[in-house]
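Here the structure comes first, spelled out in structure tokens, and everything after it is commentary.
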Amino acid sequence: AQKAESLVASFKSFKIVFQAKYRRRVIAGAMIWFTVNAWSSICLFFFSYYVTNERGWDPAAVSYALTLAYSLAIVGYVTAGPMLDFAGRRLTATLYFSVGATASFICFTAESAATITIAYVIVLGMHALWPIAATITSEIFPTEIRGTANAVVNNMLGRTGMALAPALVGSISAITGSVGDAVAYLSLIPFVCLPVILMVVSETKGQELE
């Protein structure tokens, strides 16, 4: 009986999320999560292939770059929390989206191993977009539907970016003849999402949430 009641409650919450009064928030949240999933997946999935096949790196060089990048990337995560609190949600998200997109474009078009490595360190640091997006999309929905709404905008809608973006890399690289170029072009997608962050997402810094 309890299980049935739980399922009914979950279904009711699911229906509420799609009510007209939450439509704008759902679209904004889904676009943010689609962007994060798309950008993150192509940057992570294709890096080793790119540097090995298009820049001539050996396995040792790839291992060194990844070890360095993952070790230093923690700075981006440690910085994200205080920035969300003191600089605000919109400014922090705008900064991370912009820097992440720029760094990934440089990384996947550069020729110099040093430039590629430094840019990839920044790319991984900007992956703090995951907790930043989680914070924003949690706060734009009321408490009673917050969990369900996050599941909808991230796991149901936004996660499609992780499936579609790598497929697009394959299609574009077949035309350009370069996986690096395809990733570079698609990695600019965060700039498309910036208007959503600036115009739709409400600033909640210092506010008491419902």
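The values are calculated or read from the model by the stated rules, or taken from the named source; none is laboratory data. Just so it is clear, the structure is predicted and the values come from calculations on it, not from any experiment. Here Cβ is always computed from backbone atoms with ideal geometry, including for glycine, and neighbour counts include all displayed protein chains. In case anyone asks, the SASA skips ligands and DNA or RNA and just uses the protein heavy atoms, side chains included. Shrake-Rupley method; radii C 1.70, N 1.55, O 1.52, S 1.80 Å.
Matching residues to (1) closer than 18 Å to Thr109 by Cα; (2) surrounded by 14 or more Cβ atoms within 10 Å (Cβ to Cβ); (3) in contact with a Lys or Arg (Cβ under 6 Å, 6 or more places away or on another chain); (4) in contact (Cβ under 8 Å) with a residue 40 or more places away in the chain:
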residue	(1), (2), (3), (4)
Ser48	yes, yes, no, no
Glu54	yes, yes, no, yes
Ala61	yes, yes, no, yes
Thr67	no, no, no, no
Ala80	no, yes, no, yes
Met83	no, yes, no, no
Gly88	no, yes, yes, yes
Leu91	no, yes, no, no
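Taking helices (runs of 4 or more DSSP H) as the structural unit, those lying wholly within the stretch 96-175 and holding at least 3 residues that are more than 27 Å from Gly81 (Cα to Cα) correspond to 113-125. Of all residues in the stretch 155-170, those that are over 14 Å from Val192 (Cβ atoms) have Cβ atoms under 6 Å from Cβ atoms of residues that are surrounded by fewer than 19 Cβ atoms within 10 Å (Cβ to Cβ), 6 or more apart or on another chain, in Pro166/Phe45. Checking each residue in the stretch 1-44 for being among the hydrophobic types (A, V, I, L, M, F, W, C), surrounded by 16 or more Cβ atoms within 10 Å (Cβ to Cβ) and at pLDDT 90 or above picks out Ala30, Met31, Ile32, Trp33, Phe34, Val36, Ala38, Trp39, Ile42, Cys43.
Scanning for something within 27 Å of Arg23 (Cβ to Cβ), within 12 Å of the chain's Cα centre (by Cα) and open to solvent by less than 10 Å² (accessible area, probe 1.4 Å), does the stretch 143-150 turn up at least one residue? Walk me through how you get there before you give the answer.
Narrowing the stretch 143-150 to residues within 27 Å of Arg23 (Cβ to Cβ): 143-150.
Keeping just the survivors that are within 12 Å of the chain's Cα centre (by Cα) gives none.
Looking through the stretch 143-150, none of the residues is within 27 Å of Arg23 (Cβ to Cβ), within 12 Å of the chain's Cα centre (by Cα) and open to solvent by less than 10 Å² (accessible area, probe 1.4 Å).
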